[in-house]
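Presented below is the structure to which this report refers.
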Amino acid sequence: PLYRYFVGVYHLLFGQSAFVQNMADVWCLLGVTTLLSSWALKLRQPALIAFIASIAYLTITFLGGFRYQIGRGLVEYHAMFFMVLAAWLLYQAREGSFFKVILAGFFGVIGYWIRQDHLIVIVALVFFIIEPTRGTTKVVWMSYWEQIWTHWKRGFTYVGIIAFGVFLLCFRNWWTGEVFGPTVPNHPNYIEQDLMQFYQRIRIII
């Protein structure tokens, strides 16, 4: 739902041409590549590993069928950029910056408003707050639960911001269309998609 407003801002600033809207896909790809490199360096990996991570992402993007979608002004690249940005900020929040948790929640909400089917992944990003632990299974799980109790305020803040973003979207739909929900009931796209997935699963089973 939010992407149309991005397009409106592009047209407001740069005119009616779709060039900027299409080029924004490229800038989002470059932004994700930069975040991945920065993330690798944040993990104290060598510069070569950061370079390989960026090249691997670009290789997957440009060698598959996704390359034909670049420059068409689709919502996916904007949603992906804000989702990766939220994860990047959550990982940095381990150092004690509560503001980055709030900022990550803000960008996570933007990513959700652009593409709603990313909601589960955006919520699951909260686990990046927890430090990785090595050791036996017992040690790992004990440390895992200890960190949950230690960082529960940050995790609750992030998930709360995302939940509030979902509520705002539902409220917006109620205000404009008198339907309190993420979308209208019995949307044809959801019905056709569910039927297609069900049909494919039946074929696999048979």
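Measuring from centroid to centroid over Cα atoms, what is the spacing of the range 63-100 and the range 151-167 in Å?
Each part reduced to its Cα centre gives a spacing of 18 Å.
Which value, in Å² and to the nearest 10, is the accessible area of residue 23 when all protein chains are kept and the probe is 1.4 Å?
Accessible area of residue 23: about 70 Å².
Can you give the relative contact order of the range 5-98 as a percent, counting alpha carbon pairs under 8 Å and 6+ residues apart?
Relative contact order here is 36 percent.
Output wanted: per-residue J couplings in Hz (rounded whole) for the range 60-68, from phi through Karplus 6.51 cos²θ - 1.76 cosθ + 1.60, θ = phi - 60°, x for Gly and Pro.
4, 6, 8, 8, x, x, 5, 5, 6
Return the sequence-ordered ³J(HN,Hα) values of the range 153-161 in whole Hz as given by the Karplus equation 6.51 cos²θ - 1.76 cosθ + 1.60 applied to θ = phi - 60°, using x for Gly and Pro.
The phi angles translate into 5, 5, x, 5, 5, 5, 5, x, 5 Hz.
Would you work out what percent of the accessible area of the range 79-131, with all protein chains in place, is carbon or sulfur (probe 1.4 Å)?
The computed percentage sits at 77.
Between residue 56 and residue 146, what FRET efficiency follows from the Cβ-Cβ distance if R0 is 30 Å, with the result rounded to 0.05?
On the way: r = 34 Å, r/R0 = 1.12.
Given R0 = 30 Å and the Cβ-Cβ separation, E is 0.35.
The values are calculated or read from the model by the stated rules, or taken from the named source; none is laboratory data. Quantities reported herein were computed from a predicted structural model and do not represent experimental measurements. Cβ atoms come from the backbone with ideal geometry, glycine included; neighbour counts cover every protein chain shown. Ligands, DNA and RNA are stripped out before the accessible areas are found, and what is left, the full protein with its side chains, is counted by its heavy atoms. Shrake-Rupley method; radii C 1.70, N 1.55, O 1.52, S 1.80 Å.
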